[in-house]
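A short write-up of the structure that comes next.
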Amino acid sequence: MKRNSLTTAVVAGIAGIAGFAGLANAVNLNPDGVGQVLLYPYYTVNKGQDTLISVVNTDTEYGKAVKVRFLEGYNSREVLDFNLYLSAADVWTAWVSDDGSNGAAINTIDTSCIDYLPSLPWSFSTGGFDGTGIGASGPIPKDSGPKTKDRTREGYLEMILMGDIDPATPLGRAITHKQNGNPDGGKPSCAAPVGDDVVIPTQLLPPTSGLFGGTWIANVANGTAFSYNADAIEGFSYLVNYTGPSSLFPTLQDARTNPVGLAPALMGIARAYVFGDDGSLIMSDYGTGEDAVSAIFMSDTVYNEYMINAAIGGQSDWVVTFPTKRFYVDNALYPGHVTSPFAEKFGATDPSQSRIAITLSTFDHEEGSTDTVIPRCPSPPDASCFAQSPFLPYEVNVISFTKTSPPGESTVFGSKLYRTVDPFGDTGGWAALDLQSGDGGHILPRGTNPNTTNATQFYGLPATGFWAAVAQRGSASANYNGVWRHRAHRTCNDVDQTGIPLGICS
């Protein structure tokens, strides 16, 4: 690829030449929306909705081998994965709908090469959580959550670039659209070596970048369509990381920093680049990829608005997704992993939950506030904590702002993974979701500051998501809706080797 984004140039100026040299090799959340890994915080087929998905390869020279993985919302267990092959300048689109048997299914009319969807539409599987699934390394252990198909109806998805593809190789030729001079007229052959898990890795180049994507959650009958852009992670890995379809790998654990220019002691680490609130660049090295990815999503407080004006049929849902939570709380798949920054393992107090205590403050348009004082819970939280404090129990959480409790689902998306909030005021305002203070234990394992002998300590939880609002005016042609990404505050301290804070991260 022959371009640098404005973001890269700005960071270069902040970090200096040494920082610029390593920027592409450190995990960072690209505000320009282009990267190696894409995270889509929410999909759903509830309430008559379809989720439309797109991914674009902006690289006009090289193709991309991409792992596409859908994860259900309780515990991030895989419900579908396949390998997608994008030729240079390609785009792929698909949609997820109700499969007619209380589950979800994917469909597409796109001709980009896929390995492996035997037929279309293809229903999402319960094998990732009910004990019947077989992965590349053997049986997939079940978890303690629900085992029925309706668990597949909402969740989130990730796309991970496994490697670049030279168009001159047999793989490159097989995935390249054969143009016939007509718009949408060219189709790739998708012939061998597509589907050959032995040959493909030998024809892949180290991953660069170039992916962006987005989603529409549409209800045709209701006249609504909620659209958002995928989060883009740059500098995720310098290694070819190919696996066949149905493999549980690669995952966000596979972040690795290019060791060129690093000291021997830093081989195999994952370095995260994060902007502090003062605009400074925070560098933090981790021994595991999931900690580095968590670092770039860490927030101690999430902010957004809500609108519940009954005069216009106002409804509001917040989606709050924790894209790395499974690595810390799913003891069946990741035994022995530390739980922090989360509070408890999946199923510890409820078979279908992993609870985290939070506080939520709401403010109306005239500065009025709930101003509720909630006692801090112990860490890890106990039953008495959850009896007195609100909590978020899932990997994907939908917070529904409402004056009347809906019948078993959130107001906007019809989510079953929801919590309700009775906000201050009757029309709207804004809210602050405190992800740090609820039980006092939301602290990411310490990283190492490569510029000092100190450690870096992020507080809160790794979160992403958005606010969705709708005005129901009585007919599809009169309804209105919108989506606004969450804003957040980040707290990071330099700490000494005993954990004593020394000041904000530098």
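The values are calculated or read from the model by the stated rules, or taken from the named source; none is laboratory data. Only a predicted model underlies this, so the values are computations on that prediction, with no experimental measurement involved. A quick note on method: Cβ atoms are made from the backbone with ideal geometry, for glycine too, and the neighbour counts reach across all protein chains shown.
Name, by its number, the condition in (1) at pLDDT below 95; (2) touching an Asp or Glu at 6+ places or on another chain (Cβ under 9 Å); (3) not hydrophobic (A, V, I, L, M, F, W, C) that does not hold for G460.
(1)
Quick one: would you say F386 is aromatic (F, W, Y) and modelled with pLDDT under 85?
So F386 passes the test.
Rundown of residues vs (1) modelled with pLDDT of 90 or more; (2) not basic (K, R), yes/no style:
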| site | (1), (2) |
| --- | --- |
| V412 | yes, yes |
| K416 | yes, no |
| P423 | no, yes |
| T498 | no, yes |
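Every residue, every condition in (1) modelled with pLDDT of 95 or more; (2) within 26 Å of E366 (Cα to Cα); (3) among the aliphatic types (A, V, I, L, M), yes or no:
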| position | (1), (2), (3) |
| --- | --- |
| P406 | no, no, no |
| P450 | no, no, no |
| A468 | yes, yes, yes |
| G474 | no, no, no |
| N481 | no, yes, no |
| P501 | no, no, no |
| S506 | no, no, no |
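Residues being farther than 27 Å from N304 by Cβ, surrounded by 17 or more Cβ atoms within 10 Å (Cβ to Cβ) and of a type in the set (V, I, T): count how many of those fall in region 474-506.
In the first step, residues of region 474-506 are kept if they are farther than 27 Å from N304 by Cβ; the result is 475, 477, 494-503, 506.
Narrowing further to those that are surrounded by 17 or more Cβ atoms within 10 Å (Cβ to Cβ): 494-495, 506.
Restricting the remaining residues to those that are of a type in the set (V, I, T) gives 495.
Total satisfying the criteria: 1.
One line per residue, one yes/no per condition, for (1) over 30 Å from S410 (Cα atoms); (2) at pLDDT below 95; (3) among the charged types (D, E, K, R):
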position: I17; (1), (2), (3): yes, yes, no
position: N30; (1), (2), (3): yes, no, no
position: Y40; (1), (2), (3): no, no, no
position: K47; (1), (2), (3): no, no, yes
position: R69; (1), (2), (3): no, no, yes
position: E72; (1), (2), (3): no, no, yes
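Among D231, D278, which is of a type outside the set (G, A, S) and surrounded by fewer than 23 Cβ atoms within 10 Å (Cβ to Cβ)?
After ruling out the rest, the residue left standing is D278.
Taking P146, is it at pLDDT 95 or above and closer than 17 Å to L84 by Cβ?
When the stated conditions are applied, P146 does not pass them.
Here are P407, P445: which of them is out of contact with any strand residue (DSSP E or B) (no Cβ under 6 Å at 6 or more places or on another chain) and under 26 Å from A221 (Cα atoms)? Step through it out loud before you land on a result.
On the way: P445 fails: under 26 Å from A221 (Cα atoms).
After ruling out the rest, the residue left standing is P407.
Which is in the same structural domain as W216 (by TED's automatic domain parsing), within 30 Å of K416 (Cβ to Cβ), in a loop (DSSP other than H, G, I, E, B) and modelled with pLDDT of 95 or more, of G155, G131?
On the way: G155 fails: in a loop (DSSP other than H, G, I, E, B).
On inspection, the qualifying residue turns out to be G131.
Could you tell me whether region 296-307 includes any residue that is farther than 25 Å from T362 by Cα, in contact (Cβ under 8 Å) with a residue 40 or more places away in the chain and in contact with a helix residue (DSSP H, G or I) (Cβ under 7 Å, 6 or more places away or on another chain)?
So the first thing to find is which residues in region 296-307 are farther than 25 Å from T362 by Cα, and the list is 296.
Keeping just the survivors that are in contact (Cβ under 8 Å) with a residue 40 or more places away in the chain gives 296.
From the residues that got through so far, the ones that are in contact with a helix residue (DSSP H, G or I) (Cβ under 7 Å, 6 or more places away or on another chain) too are none.
No, the conditions are met nowhere in region 296-307.
As an exercise: evaluate A311 against (1) modelled with pLDDT under 95; (2) assigned to a loop (DSSP other than H, G, I, E, B); (3) among the aliphatic types (A, V, I, L, M); (4) in the same structural domain as W467 (by TED's automatic domain parsing) and give the number of the one condition it does not meet.
(2)
Would you say P118 is farther than 24 Å from L392 by Cβ, in a loop (DSSP other than H, G, I, E, B) and touching a residue at least 40 places away in the same chain (Cβ under 8 Å)?
Against the criterion (farther than 24 Å from L392 by Cβ, in a loop (DSSP other than H, G, I, E, B) and touching a residue at least 40 places away in the same chain (Cβ under 8 Å)), P118 does not qualify.
Filter region 188-228 for residues that are of a type in the set (S, T, N, Q), crowded, with 16+ Cβ neighbours inside 10 Å and under 30 Å from Q472 (Cβ atoms); which is farthest from the chain's Cα centre (by Cα)?
Applying the filter and picking the extreme gives N222.
Table: residues versus (1) surrounded by fewer than 19 Cβ atoms within 10 Å (Cβ to Cβ); (2) free of Cβ contacts under 8 Å to residues at least 40 places away in the same chain; (3) assigned to a loop (DSSP other than H, G, I, E, B).
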{"position": "I399", "(1), (2), (3)": "no, no, no"}
{"position": "T411", "(1), (2), (3)": "no, no, yes"}
{"position": "G414", "(1), (2), (3)": "no, no, yes"}
{"position": "A431", "(1), (2), (3)": "no, no, no"}
{"position": "S437", "(1), (2), (3)": "yes, no, yes"}
{"position": "P445", "(1), (2), (3)": "yes, no, yes"}
{"position": "T452", "(1), (2), (3)": "yes, no, yes"}
{"position": "T456", "(1), (2), (3)": "no, no, no"}
{"position": "G465", "(1), (2), (3)": "no, no, no"}
